[in-house]
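Below is one structure; the comments refer to it alone.
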Amino acid sequence: MLSLLALLLAVAGCERRPLEVEVDGRVLVRVIVRWDVNYIPIYNETPNGMTVRIWDEQNNVVFDEMTHEDHVDIPLPVGHYRLAVYNEVASEYADYGMNFYDYNDFDAMTFRSRRYTRAQNALAEGVVHIVPPEYPRVAVATDAFEITKEMVLSETSYLIPYEDYEGSGYQGNREYDRIYEFIEEPWPMTVDLYVTLLVKHRDRLSRVEGSLSGMADGFHFTKVIRTTETASIWLDPSADKWRRARYTEDADQLGLLQARVACYGLPYGKEALDERNEKDNILSLRLTLVDGKAYDFVYDVGKLIRYIDPEGKVEQRIRYREDLRHLQLEVNLPDPIDLPEVDPTTDTGAGFDARVADWEDGGVIDMGGF
């Protein structure tokens, strides 16, 4: 009898498993990205896709997804969150020599181009250069938000079978009562750099290449500011990288040369003109004449680099990241380079870079400081 009583007490003391469990505790967040506001007006293209990443209060990545849409829906519980959005995916940038560092740390994450040094006897020999961020053109949006208890309690609870819930983290298939939208407008993080110079006796020139030092090597991803670490930007000698135009038809036969290359811009703390000195940025040029002889020229241009807006207005005071959205960089050399006479016995008669047509008509050209 006592044994039967003990058995009954043991059964009565067991924890009873519920048939159903009430599940709530999450709301639906919709991140909408407006690429048309800042990105497309500058780059005139639509991204192939975007990556959305979210961190919780402990700096853990709780959401990481690539989508070809302009929005993404994320169910989230109560908490504080930080958000980062960028176009494309990390592997796409890696294919072009650009990489993320500290990728899972919201505060420390940076984006930098691969470094390399110039070979022996090359212009700027041994100088550290970075791969230009020409493609894809990266843009970033960051944000912070909170999911409150009130937001969660406003959602309707629902019931699911206990066996579907136990130990699975199951959230069920449900319709949310409301969607909390966060609209993001990414900031472009690369700018176009234009280097412009004039040369006398333009028909003597066959090839030009250059290097500009003191440029940012990337940017702090979630702070959306350029790095303070610097490297040089290579001005490729390929004919399609340089614009060539006849500037005058007088005895000097001036020719205009203008290179364009993508870069991250000036390093953080050096954006404004009064924050730089002349030697912060050095422009090295190598001009090869049609007789095969090469001549090197070096200029201190820290005070010549300037940000300009699309209408050509010079921006002297750069203080906030908003100021950099629609700007480009330019450096104009103040004096024409007088090319030496060509040795007539070795003149090949080749045109610029021996691969392209003659100099184009200059037309109306704004030379800025010239």
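Here are the numbers for this structure:
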read-out	value
Only one of 69, 88 that is surrounded by 17 or more Cβ atoms within 10 Å (Cβ to Cβ) and either closer than 17 Å to residue 134 by Cβ or free of Cβ contacts under 8 Å to residues at least 40 places away in the same chain (or both)	88
The listed residue being surrounded by fewer than 18 Cβ atoms within 10 Å (Cβ to Cβ) and outside any loop (DSSP other than H, G, I, E, B), out of 207, 260	260
Residues of the stretch 72-85 satisfying the condition of being open to solvent by 50 Å² or more (accessible area, probe 1.4 Å) and aliphatic (A, V, I, L, M)	78
Residue in the stretch 265-286 that is touching a Gly at 6+ places or on another chain (Cβ under 6 Å), among the β-branched types (Val, Ile, Thr), at pLDDT 95 or above and over 18 Å from residue 336 (Cβ atoms) present	no
2 or more residues open to solvent by 40 Å² or more (accessible area, probe 1.4 Å) and hydroxyl-bearing (Ser, Thr, Tyr): qualifying strands (runs of 3 or more DSSP E) within the stretch 100-158	115-117
Test set (1) open to solvent by less than 60 Å² (accessible area, probe 1.4 Å); (2) in a helix (DSSP H, G or I); (3) at pLDDT 90 or above - residue 38 fails condition number	(3)
Criterion violated by residue 254 - all others in (1) more than 30 Å from residue 99 (Cβ to Cβ); (2) of a type outside the set (D, E, K, R); (3) at pLDDT 95 or above satisfied	(3)
Residue check for residue 177: surrounded by fewer than 23 Cβ atoms within 10 Å (Cβ to Cβ), under 29 Å from residue 84 (Cβ atoms) and either without any contact (Cβ under 8 Å) to a residue 40 or more places away in the chain or under 24 Å from the mean Cα position of the chain (by Cα) (or both)	yes
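Quick grid of which residues meet (1) open to solvent by 40 Å² or more (accessible area, probe 1.4 Å); (2) closer than 30 Å to residue 110 by Cβ; (3) in a loop (DSSP other than H, G, I, E, B); (4) in contact (Cβ under 8 Å) with a residue 60 or more places away in the chain:
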site: 195; (1), (2), (3), (4): no, yes, no, yes
site: 237; (1), (2), (3), (4): no, no, yes, yes
site: 269; (1), (2), (3), (4): no, yes, yes, no
site: 288; (1), (2), (3), (4): no, no, no, yes
site: 302; (1), (2), (3), (4): no, yes, yes, yes
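The values are calculated or read from the model by the stated rules, or taken from the named source; none is laboratory data. If you're wondering where the values come from, they're calculated on a predicted model, not measured in any experiment. Cβ sites come from the backbone with ideal geometry, for glycine too, and all protein chains shown count toward neighbours. Ligands, DNA and RNA are excluded from the accessible area calculation, which covers all protein heavy atoms including side chains. Shrake-Rupley method; radii C 1.70, N 1.55, O 1.52, S 1.80 Å.
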